[in-house]
Amino acid sequence: MKILFHDKFYESDYADNGASVPGRLEAIMGVIGRESAFEIVRPQPANEEDVLLAHTPPYVDAVKSNHRLYDMAAFAAGAAIMAAEIAITGEPAFACLRPPGHHADRESAWGYCVFCNMGIALLKLKQQRKIESAFVLDFDAHTGDGTKAVLLNWKECIILNPYADNSQSYIQEIQNFVKEIPSVDIIGVCAGFDSYQKDVGRTLSTFDFYVIGVLMKKFAKRAASHRRFAILEGGYYLPDLGKNVLAFCQGFE
Ligand SMILES: [Zn+2]
């Protein structure tokens, strides 16, 4: 499995929020970077044309006025694109990036997000006619309203933001939902680890992240020619963030 990561994502002064806190990416890479089963690949930044697949020109210009922020966000979108391109070959990929993107809609963003990384990656594959349909699972504690808005007019793109107050029903909801999907061209996962028991979502355990990874791997095998990728969204409880990401990746690979 490939991990898309660039040292640039260690930079924390591009913004001042929960996703940009110092040490957050170190907490993840310090754990998954040591795994020999994972190959680290350096992403390239997305170009403006790619970003415009999901966002309006005035919004992109507004982000551009802050060079640091645009640079980081373009790298994050580029990592998502590369993860999706690797997934097309049947090899799983996880893009360990920031800023996250699932609260970024076509012309605005909130919740630490800048560009809709998942939307850009999927729309690029669609534009290149590599896919016609997709499934997105977003297991962040917060609904991926940006991803939903960006992909709204794409009827063959199915999005699930599970909601349950305990982990058993949460996982059951994912199982029941994907059971009904006969096939899709690719599976994208918005991996938000703030749904962790000790994070703001107070729902999932480390083992649950592993189980969700396995579920998506099995779903990809049955219905998507093994094509699957994931990108980092939230996750703010740093002491356990690395092991939670590792658990998901181990299930997913
Ligand atoms: Zn979140």
Check: Do you know which residues across segment 166-224 are touching a residue at least 40 places away in the same chain (Cβ under 8 Å), away from the ligand (no atom under 16 Å from the Cβ) and open to solvent by 70 Å² or more (accessible area, probe 1.4 Å)?
Finding: Gln175, Pro182, Ser183, Phe207, Tyr210
Next item on the list: Of the conditions (1) more than 23 Å from Asp199 (Cβ to Cβ); (2) away from the ligand (no atom under 16 Å from the Cβ); (3) not β-branched (Val, Ile, Thr), Asp105 clears all except one; give me its number.
Entry: (2)
Margin query: Would you confirm, using the coordinates I've provided, whether Gly234 is part of a loop (DSSP other than H, G, I, E, B) and open to solvent by 10 Å² or more (accessible area, probe 1.4 Å)?
Written below: no
Checklist line | Selection from segment 118-152 of residues that are within 16 Å of the ligand (Cβ to nearest atom) and either crowded, with 23+ Cβ neighbours inside 10 Å or part of a loop (DSSP other than H, G, I, E, B) (or both) | finding: Met118, Val136, Leu137, Asp138, Phe139, Asp140, Ala141, His142, Thr143, Gly144, Gly146, Thr147
Check: If the Cβ limit is 8 Å and pairs must be 6+ apart or interchain, which residue in segment 1-19 that is of a type in the set (D, E, K, R) pairs with which residue that is surrounded by fewer than 18 Cβ atoms within 10 Å (Cβ to Cβ)?
Finding: Lys2/Glu39; Lys2/Ile40; Lys2/Val41; Lys2/Glu91; Lys8/Asp71; Asp13/Arg68
Checklist line | Selection within segment 26-52 - under 17 Å from Asp71 (Cα atoms) and touching a helix residue (DSSP H, G or I) at 6+ places or on another chain (Cβ under 7 Å) | finding: Pro43, Gln44, Pro45, Ala46, Glu48, Asp50, Val51, Leu52
Item checked: Considering residues of segment 153-164 that are over 18 Å from Arg228 (Cβ atoms) and more than 15 Å from the ligand (Cβ to nearest atom) only, the residue surrounded by the most Cβ atoms within 10 Å (Cβ to Cβ) -> Trp154
Notebook entry, point to check: Checking Asp165 against (1) outside any strand (DSSP E or B); (2) modelled with pLDDT of 95 or more, which single condition isn't satisfied?
Noted result: (2)
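The values are calculated or read from the model by the stated rules, or taken from the named source; none is laboratory data. Predicted, not measured: the structure shown is a model, and the values here were computed from it. Cβ: placed from backbone, ideal geometry, glycine included. Neighbour counts: every protein chain shown. For the accessible areas, the whole protein counts, side chains as well, though only heavy atoms, and no ligand, DNA or RNA atoms are used. Shrake-Rupley method; radii C 1.70, N 1.55, O 1.52, S 1.80 Å.
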